[in-house]
Amino acid sequence: MTDLADLSIADAGRGLRDGEFTAQELLDATWRRAAVTEAHLHAYLVLDREGARRSAARADEELAAGTDRGPLHGIPVAVKDNLSTRGVETTCASQILAGYTPPYDATAVERLRDAGAVIVGKTNLDEFAMGSSTENSAYGPTRNPWDTDRVPGGSSGGSAAAVAAGSAFAALGSDTGGSIRQPAALTGLVGAKPTYGLVSRYGLVAFASSLDQIGPLARSVPDAVDVLSAIAGWDRHDATSYPGDVPEMGRSLDAGVQGVRIGVVTELMGEGIAPEVLAATASTIERLAAAGAEIVDVSMPSTEYALSAYYLIAPAECSSNLARFDGVRYGLRVDGGTVEEMMARTRAEGFGPEVIRRILLGTYALSAGYYDAFYGQAQKVRTLVRRDFAAAYEQVDVLVSPTSPTTAFRIGERSDDPIAMYYSDVCTIPSNLAGDPAVSVPVALDGTGLPIGFQVMAPQLGEEMMFRVAAEVERSAGFSFRAPLATSEVVEP
Amino acid sequence: MSVIPEGWEAVIGIETHVELQTRSKMFCGCRVDFGDEPNTAVCPVCLALPGALPVANEAAIDGIVRIGTALDCTINERSLFYRKNYFYPDLPKNYQISQYTYPVCEHGRIVVDVDGEPTVIGITRVHMEEDTGKSLHMGEGGRIQDADHTLLDFNRAGVPLVEIVTEPDIRTPDQARAYGAELQRIVRTLGVSDARLEEGSMRFDANVSVRRAGTSELGTRTEIKNVNSLRSMQRAIAFEIERQVEVLAAGGTVVQETRHWNEATGRTTAMRSKEESEDYRYFQEPDLLPLSIDERWRNRVKASMPELPAQLRARLVAAGADERTAGLLADSPLLAGLFDAAVRAGAEARTVASWLTGEVVAYARRVGASVGELHLTAEHLVELAAMVAGGELSATAAKQVLTGVLAGEGGPRQVAEAMDLLQISDSGAIEAVVADVVADHPDALEKIRSGDAKPIGFLVGQVMRATGGKADPKMVQEIIRRSAGL
Ligand SMILES: [Zn+2]
């Protein structure tokens with residue numbers, strides 16, 4: 001019999017409603033799984049056993065009383081630890097927030113609760129979501145359930161590892177330059193970054209406000225759609241949230257791609273991309289063509305500069321966003337002779353090296369005399385990227401590319417080379433700069449058995465078409481592999 | 001009051017911060033209430049908890065559009081928020097949401113009058129921002145450098161704050177004070193803020209430089225902070241002008257710096273020099289959309305403008321008040337309202353104006369009450385003015401009656417009767433008394449008839465004595481002259 005922890009959200013929901021098992025039993029299966037996998041992975045920073053137990057019990061009572069909150073009712077999900085959770089410690093994997101327990105829920109978290117989801121815990125991440133490997137956590141790295149010597153990607157690596165290993169049915173992540181899609185690709189999951197503004201950022205601890213978006217990591221396209229549908233929509237607490245109707249994201253999952261125009265970004269199909277990743281991407285495109293899609297090569301010249309622009313804009317915004325961590329009101333305080341000294345010591349001791357690197361970079365980029373050359377110039381590149389995308393979407397419905405230039409790399413392999421690490425996001429960053437939605441879908445394993453992700457990008461609010469194509473990619477790839485560590489049997493380390 | 005040293009000219013610009021008294025704060029739903037226990041009007045947004053986001057308060061935007069409209073500004077259709085980055089413990093985010101390029105209002109003007117000389121002061125910009133919390137430095141000195149520890153109250157953090165920046169068009173401390181006073185009147189008239197300097201809901205910083213008269217190059221300026229009244233702004237600027245002139249005249253140079261006004265010593269002292277001042281690293285606030293203030297909004301505000309102080313003064317003057325009195329009346333909406341109503345009901349403008357700015361204000365001050373607390377209505381003023389015009393009360397008696405009315409002793413007639421101040425203005429009654437007096441002093445009448453006017457005064461005095469002082473002396477004189485055939 002299948003372990004309950006490995007069910008799809010749809011199957012789990014069916015079983016719950018048919019009375020085959022209860023939400024509390026789903027949760028127990030999740031705990032059993034976590035008990036085995038956490039020893040190897042360290043996907044979670046906090047497991048909220050008490051809160052989850054109450055939610056699961058309530059989900060059962062409600063279902064018994066005929067109250068059905070929809071697809072996520074009674075489903076155990078995890079939340080990245082840069083999302084504020086009332087009463088549950090939220091550290092962003094940073095020492096500076098050690099012991100900080102928020103008095104409020106992020107809107108996305110509140111919506112998960114309203115949808116009946118059972119929040120099992122807070123997942124590990126690169127400190128303040130800055131990184132592509134989840135090695136930059138002050139509380140230790142998360143490992144990849146496909147190969148525990150390797151990184152799960154990042155910054156939403158904890159969420160990715162948990163869902164891939166079955167210690168959550170799905171998870172929320174945040175994506176500033178690829179932090180949902182890249183770990184999804186490296187762990188064989190579906191990971192979606194929605195249109196900027198589709199999901200409220202209220203309660204998401206800001207890294208780069210104009211780029212951050214919350215989205216799902218899940219084991220299938222339909223699961224991802226269920227989670228995203230639950231959290232999307234206007235929020236009065238976020239002035240940048242989209243005030244119109246939420247796209248019907250799941251409506252066309254079975255529609256196929258007959259006649260859909262698919263653009264292949266030529267700049268992301270060559271240099272710097274691992275041969276096996278290129279090959280898997282090419283064969284996915286062939287399958288889409290075989291399913292009736294019209295394939296077009298599209299050139300996006302600005303992609304070349306997107307990475308550099310991103311590494312000015314994101315640090316600039318982060319340097320300001322992270323200024324509030326000063327030891328005055330919450331979190332770590334390291335005493336000093338004067339208030340300035342206290343602030344400086346708190347920040348020097350509380351932030352890790354990558355966070356400090358980006359704060360310095362961003363402070364410099366915004367400084368008088370350098371603003372025009374750095375931040376100003378980066379904003380111009382951002383405009384060019386948007387234009388490239390807009391021009392492309394006049395010819396095609398979606399764009400495709402690899403998600404990550406490589407499969408999962410070894411822990412420590414890129415830690416001493418920030419530039420190589422930054423390059424992990426080369427395919428994913430353009431969508432953040434444009435504010436467009438993009439999703440990664442697993443399509444194959446490489447020669448060493450590590451998953452390869454395929455990226456589908458769409459114009460703003462084009463989620464319906466994006467998921468339609470993603471569903472076809474998923475069907476045609478027939479990717480049914482599970483991470484070796486996705487098991488509740490005790491595994492020897 | 002203050003005199004610029006001969007041969008020198010001062011160039012002054014003023015930055016004013018006004019807290020808007022909206023119901024909620026600029027970027028969150030917390031109430032704006034200054035009487036609260038510390039740190040009770042706070043939430044995740046104004047405490048800058050991780051993940052909290054700002055949402056702009058439309059009522060505050062409406063308030064700044066009102067201010068900008070009153071100051072004759074261009075209201076920008078599209079306006080941007082910026083982050084001004086600096087670290088300070090009472091600034092929760094360690095950046096202030098403010099404006100930089102594209103403020104809400106630009107290019108306005110205000111006309112101030114100093115000794116009857118109108119001066120136009122340009123308004124560079126009026127922009128929207130948020131207030132900081134309050135630091136309470138415990139220990140010696142009351143300043144952060146000397147503090148033993150500091151207590152923070154974030155109730156004020158995030159209160160809507162409007163900054164109004166003038167062009168360097170001001171030349172004298174008197175003009176600066178007049179500008180501050182006029183701005184305060186405007187803001188109060190608009191009802192967007194109580195604009196109290198002592199309580200900090202209106203705060204002035206003055207930029208001052210001096211140069212040789214007749215030159216056009218700007219000198220190095222200093223910025224004066226901590227002026228808590230219009231008078232101290234005037235004094236601080238005067239001190240600073242004198243100080244800078246002294247420095248330059250002695251061959252020294254003025255250092256660009258921020259200077260702290262000390263009310264007790266009457267001096268400014270250096271706080272920090274601008275060389276070591278911060279780079280605020282302004283960049284557009286990514287958490288807020290550009291503000292859009294469309295023509296409908298601008299027109300709605302224009303249509304809802306109240307009568308502004310300058311318009312009110314002009315109208316009071318047109319109604320018969322002199323410039324000075326009009327200014328005094330316009331300073332108090334209550335006085336202006338009483339004047340307005342009384343004059344409209346037919347009372348003589350100058351008389352009413354002089355009562356209001358004289359007896360009424362003096363009485364209120366004497367008993368320590370506000371004008372609103374006095375027992376005075378426009379009807380009282382109309383009745384009292386009519387009694388004077390009708391000869392029933394002398395000007396002096398009217399003032400006595402007014403004091404009685406103010407004290408709540410009753411209406412003017414009632415008070416006048418109770419005080420026995422009504423004049424005999426019945427000509428028949430006076431004629432009878434005059435006839436008696438003339439009969440007693442036939443020689444006096446003869447002298448008058450022969451062209452000697454001196455005895456008229458004597459006869460009037462006799463009549464007044466006979467009537468116990470209640471006859472209308474003008475009428476008595478007239479009747480005596482008539483009796484003498486003049
Ligand atoms: Zn608040």
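To the nearest 10, the accessible area of B:TYR102 is 120 Å² with a 1.4 Å probe. Accessible area per residue (1.4 Å probe, heavy atoms of protein chains only) ranks A:SER488, A:SER174 as A:SER488, A:SER174, with the largest value leading. Remark: the Cα gyration tensor places region B:44-184 in the oblate category, a/c being 1.5 or greater and a/b not exceeding b/c.
What separates the Cα centres of region A:297-334 and region A:381-435 is a distance of 15 Å.
When the listed pairs A:LYS380/B:LYS225; A:LYS380/B:LYS25; B:LYS447/B:LYS474 are checked against a 32 Å cut-off, the alpha-carbon distance exceeds it for A:LYS380/B:LYS225; A:LYS380/B:LYS25. Measuring only protein heavy atoms, the 1.4 Å probe finds B:SER354 accessible over about 60 Å².
With a ≥ b ≥ c the root eigenvalues of the C-alpha gyration tensor of region A:93-172, is it rounded (a/c under 1.5), prolate (a/b larger than b/c) or oblate? Oblate shape, in that a/c is at least 1.5 and b/c is the bigger or equal ratio. With helices as the sole contributors, chain B gives -11500 deg cm²/dmol at 222 nm; each DSSP H run of n ≥ 4 counts as -39500 (n - 2.57), and the sum is divided by every residue. 3J(HN,Hα) along region B:219-231: x, 5, 9, 10, 10, 9, 10, 6, 9, 10, 7, 4, 5 Hz, from the Karplus curve 6.51 cos²θ - 1.76 cosθ + 1.60 with θ = phi - 60°, whole Hz, x for Gly and Pro. Computed over protein heavy atoms with a 1.4 Å probe, the accessible surface of region B:397-486 works out to 53 Å² per residue. Residue order by solvent-accessible surface for B:CYS73, A:CYS318 is B:CYS73, A:CYS318, largest first, with ligands and nucleic acids left out and a 1.4 Å probe. Summing +1 for each Lys or Arg and -1 for each Asp or Glu among the other residues whose beta-carbon sits under 9 angstrom from that of A:HIS73 gives 0. Interface of B with A. Using a 1.4 Å probe and counting protein heavy atoms only, the two chains hide about 2700 Å² of accessible surface, both sides summed.
Going by the alpha-carbon gyration tensor, a ≥ b ≥ c the square roots of its eigenvalues, is region A:353-487 rounded (a/c under 1.5) or, if a/c is not under 1.5, prolate (a/b greater than b/c) versus oblate? Oblate shape, in that a/c is at least 1.5 and b/c is the bigger or equal ratio. Protein-only accessible surface at a 1.4 angstrom probe places the residues B:LYS447, B:LYS225, B:LYS454 in the order B:LYS454, B:LYS447, B:LYS225, largest first.
Ligands, DNA and RNA excluded, the heavy atoms of B:LEU91 present near 0 Å² of accessible surface to a 1.4 Å solvent probe. Computed over protein heavy atoms with a 1.4 Å probe, the carbon and sulfur contribution to the accessible area of chain B reaches 49%.
By accessible area, using a 1.4 Å probe on protein heavy atoms only, region A:348-493 has 56% of its surface on carbon and sulfur. The H on the amide N of B:GLY411, modeled in the peptide plane, is under 5 Å from the matching H of no residue at least 5 residues off or on a different chain. Inter-chain Cβ neighbour count for B:280-290, averaged per residue, equals 6 (cutoff 10 Å, partner chain atoms only).
If I fit a long axis through the Cα atoms of helix B:378-389 and take the longest principal axis of the Cα atoms of chain B, what angle between them do I get, 0 to 90°, rounded to 10? Taking the Cα atoms of chain B, the angle to B:378-389 is about 40 degrees. Measuring between alpha carbons in the structure, the pairs from A:LYS80/A:LYS193; B:LYS399/B:LYS470; B:LYS84/B:LYS134; A:LYS80/B:LYS84 lying more than 20 angstrom apart are A:LYS80/B:LYS84. Listed as lacking a disulfide-compatible partner in chain B: B:CYS28, B:CYS30, B:CYS43, B:CYS46, by the criterion of no other cysteine Cβ under 4.7 Å. Axis angle, to the nearest 10 degrees, between helix B:395-406 and the longest C-alpha principal axis of chain B: 50 degrees. Remark on region A:324-341: accessible area falls by at least 30 square angstrom from chain-alone to full-complex state for A:ARG324, A:VAL328, A:ARG329, A:TYR330, A:VAL339, probe 1.4 angstrom. The angle separating the long axis of helix B:173-190 from the principal Cα axis of greatest extent in chain B is about 90 degrees. Protein heavy-atom accessible surface, 1.4 Å probe, per residue over region B:196-265: 47 Å². Annotation: amide H-H contacts under 5 Å for B:VAL114 (H modelled 1.01 Å from N, sequence separation of 5 or more, or interchain): B:THR119.
The values are calculated or read from the model by the stated rules, or taken from the named source; none is laboratory data. Values in this document were obtained by computation on a predicted structure and should not be read as measured data. Backbone-built Cβ (ideal geometry, glycine too); neighbour counts: all protein chains shown. Heavy atoms of the whole protein, side chains included, go into the accessibility calculation; ligands, DNA and RNA do not. Shrake-Rupley method; radii C 1.70, N 1.55, O 1.52, S 1.80 Å.
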